[in-house]
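Everything below concerns the one structure shown next.
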Amino acid sequence: MNNRIYLSSPHMGGQEQSFVNEAFDTNWVAPLGPNVTGFEQDLEHYLKEPRHVAALSSGTGALHLALIMMDVGRGDEVICQSMTFSASANPIVYQGATPIFVDSEEDTWNMCPIHLEEAIKDRISKGKKPKAIIAVHLYGMPFKAEEICSISEKYEIPLLEDSAEALGSTYKGKHCGTFGDMAVLSFNGNKIITTSGGGALVTKTEEEKVKAIFLATQARDAAPHYQHSEIGYNYRLSNICAGIGRGQMRVLDDHVNLRREMNYFYKEIFKSVDGIEVFTEPGTDYFSNHWLTCILIDSSKTGFTAEDIRLSLEEKNIESRPLWKPMHLQPVFKDYPFYGNHIAGELFDNGLCLPSGSNLKNTEKQRIMEALSKFL
Ligand SMILES: *Cc1c(COP(=O)(O)O)cnc(C)c1O
């Protein structure tokens, strides 16, 4: 049996180990140290806009801290894109708040501005103004940033930008991670760069960054003994993991280019197939890192389904996977309000994520191409 080809696996650039060794040599084996600070600076520099970055133990932790800092608590409502990974929505429930799910639009597969506004108006008319909006750049595709930001401003509801999948993507030349009042990045093992596990909170002010680090390090007051006037968390990134991150930042743009080449690779394979569409940017304002390349299958034209392709790739030990199952269709979230129609549900029914790693070798691409050609 051939080696398994994964959707997205860690891809080291070569310099990671030297930052990790430095941490060992200087005994900075702790959730703070020069790599943590250096990694934060690298990210701040990369995002270009004046932003501040707090390195954390996960993207989920970053979302949780952002909601705390946006004062989301028991009984509050938070609007969230339905089509996403559960980590976007779980922290709403950690805070005892209620998620209000909103459908996608067809261009970017992300939050539909029309249904967003409809949801806001309806929640306000029911007596409760949502405390925050969580919009996601799915698969690296920027959401309709202009529309979403202007609705957030119009109703004065802060925007929490889930950019976990979109480091390296831009909209009108501006980096994803700089559109929200706060934004979240992830460095989990499957993301475009990894620290083995990790995340970051992006803030607009230094004070917010300081506050996030304070909360992430058990909310210790300034005193020689352990004193606390607030509930704290243990969410800081390890200096070892941050060392991996510093090495990965050296190759981030290469990874973006390689993932974009994978998108092109699939466009070539499917270009003459009627009924299969490779997900791509809806216009030149959008630049996706193409973290994962996805296809949509119109089975009335092809005569086969996404699941048929998945099973046939699986036989060749090639991983592929349905798109994120929308939150409003998840057993755990099904009783929460949802605004929209069937866009997210139809994407889930007809979409498939294909192997998209920046580390796929030519022989592996050959295997994928042959498996797909044979199937088609
Ligand atoms: C990966 C991911 C997260 C969570 O990040 P972790 O670092 O794994 O906790 C959140 N939102 C989206 C959209 C993700 O893909």
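The amide H of residue 77, built 1.01 Å from its N in the peptide plane, has 98, 131 as neighbours under 5 Å, considering only residues 5 or more places off or on other chains. The eigenvalues of the Cα gyration tensor, multiplied by 5 and square-rooted, give the stretch 16-250 an equivalent ellipsoid with semi-axes of 31, 21, 14 Å from largest to smallest. At what distance in angstrom do the alpha carbon centres of the stretch 55-117 and the stretch 272-314 lie from each other? Result: 26 Å between the Cα centres.
Distant-in-sequence amide contacts of residue 235, defined by a placed amide H-H separation under 5 Å and a gap of 5 or more residues or a different chain, comprise 217, 218.
The order of 187, 348, 19 by accessible area, most exposed first and with a 1.4 Å probe, is 348, 19, 187.
Nearest 500 deg cm²/dmol is fine: what mean residue ellipticity at 222 nm does the chain get from its DSSP H runs of n ≥ 4 alone, each adding -39,500 (n - 2.57), divided by its residue count? Write out the running numbers ahead of the final one.
On the way: 13 runs with 140 residues, N = 376.
Mean residue ellipticity, 222 nm, calculated: -11000 deg cm²/dmol.
In the context of the full set of protein chains, the stretch 16-250 has a per residue accessible area of 38 Å² (1.4 Å probe).
Comparing mean-square fluctuations of 302, 84, 37 from a GNM of the chain with C-alpha springs under 10 Å, the top value falls on 302. Put a plus charge on the Cβ of each Lys and Arg, a minus charge on the Cβ of each Asp and Glu, and nothing anywhere else: the dipole of the stretch 16-250 about its Cα centre is then about 280 debye. In sequence order, the stretch 190-198 has phi-based couplings of 9, 7, 5, 10, 10, 10, 6, x, x Hz under the Karplus curve 6.51 cos²θ - 1.76 cosθ + 1.60, θ = phi - 60°, and Gly or Pro positions carry x.
Rounded to 0.05, the FRET efficiency of the residue 1 and residue 46 pair, given R0 = 51 Å and the Cβ-Cβ distance, is 0.80.
Carbon and sulfur together cover what percent of the accessible area of the chain at a 1.4 Å probe radius? Before the final figure, lay out each step's value.
Details: 8040 of 16040 Å².
It is 50 percent, rounded to a whole number.
Listed by chain and number, the aspartates and glutamates whose C-alpha is less than 16 Å from the C-alpha of residue 128, apart from same-chain residues fewer than 8 away, are 71, 76, 77, 117, 118, 156.
Bridging of residue 271 to aspartates and glutamates at a Cα separation below 17 Å is possible for 261, 281, 298, 370, once same-chain residues fewer than 8 apart are set aside.
Please label the shape of the stretch 276-323 as rounded, prolate or oblate, based on the square roots a ≥ b ≥ c of the eigenvalues of the alpha-carbon gyration tensor (a/c under 1.5 means rounded; beyond that, a/b larger than b/c means prolate, else oblate). Oblate.
Determine the shape class of the stretch 58-186: with a ≥ b ≥ c the square roots of the Cα gyration tensor eigenvalues, call it rounded for a/c under 1.5, and otherwise prolate if a/b is greater than b/c, oblate otherwise. Since a/c reaches 1.5 but b/c is at least a/b, the shape of the stretch 58-186 is classed as oblate. Placing R0 at 35 angstrom, the Cβ-Cβ distance between residue 214 and residue 27 gives a FRET efficiency of 0.90 after rounding to 0.05.
Run the numbers for residue 154 and residue 370: contour at 0.36 nm per residue of separation, minus the present Cα-Cα distance, in nm.
Details: separation 216, 0.36 × 216 = 77.76 nm, distance 5.11 nm.
Length difference between fully extended and current span is 72.6 nm.
For the chain, the share of DSSP beta bridges that are antiparallel, to the nearest 5, is 60%.
Report the local net charge at residue 76: Lys and Arg +1, Asp and Glu -1, summed over other residues whose C-beta lies under 9 Å from its C-beta. Overall, the nearby charge balance is +1. Structure remark: mean-square fluctuation, Gaussian network model of the chain, C-alpha springs under 10 Å; the largest value among 226, 46, 94 belongs to 226. Note on exposure: 53, 332 ranked by accessible area (1.4 Å probe, complete protein assembly) read 332, 53, with the most exposed listed first.
Taking 69, 141, 111 in turn, the Gaussian network model of the chain (Cα-Cα springs below 10 Å) assigns the largest fluctuation to 69. Here the stretch 253-375 has an Rg and Dmax of 15.5, 47 Å, counting Cα atoms alone. Cross-link partners of residue 172 among lysines, defined as those whose alpha carbon lies under 22 angstrom from its own and excluding same-chain residues fewer than eight positions apart: 48, 144, 154, 204. Couplings 3J(HN,Hα) for the stretch 78-95, derived from phi with the Karplus relation 6.51 cos²θ - 1.76 cosθ + 1.60 (θ = phi - 60°), are 10, 7, 9, 4, 6, 7, 6, 7, 4, 4, 5, 9, 3, x, 4, 6, 3, 8 Hz, where x marks Gly and Pro. To the nearest 10 Å², what's residue 339's accessible area with a 1.4 Å probe? Roll a 1.4 Å probe over it and residue 339 shows about 20 Å².
Converting phi to 3J(HN,Hα) with the Karplus coefficients 6.51, -1.76 and 1.60 and the offset θ = phi - 60°, the stretch 324-336 yields 3, 6, x, 5, 6, 9, 7, x, 6, 10, 5, 8, 8 Hz in sequence order, with x at every glycine or proline.
The values are calculated or read from the model by the stated rules, or taken from the named source; none is laboratory data. All figures in this text were calculated on a predicted structure; none of them were measured in a lab. Note that we place each Cβ from the backbone using ideal geometry, even for glycine, and neighbour counts take in every protein chain shown. Note: areas computed on protein heavy atoms with side chains; ligands, DNA, RNA excluded. Shrake-Rupley method; radii C 1.70, N 1.55, O 1.52, S 1.80 Å.
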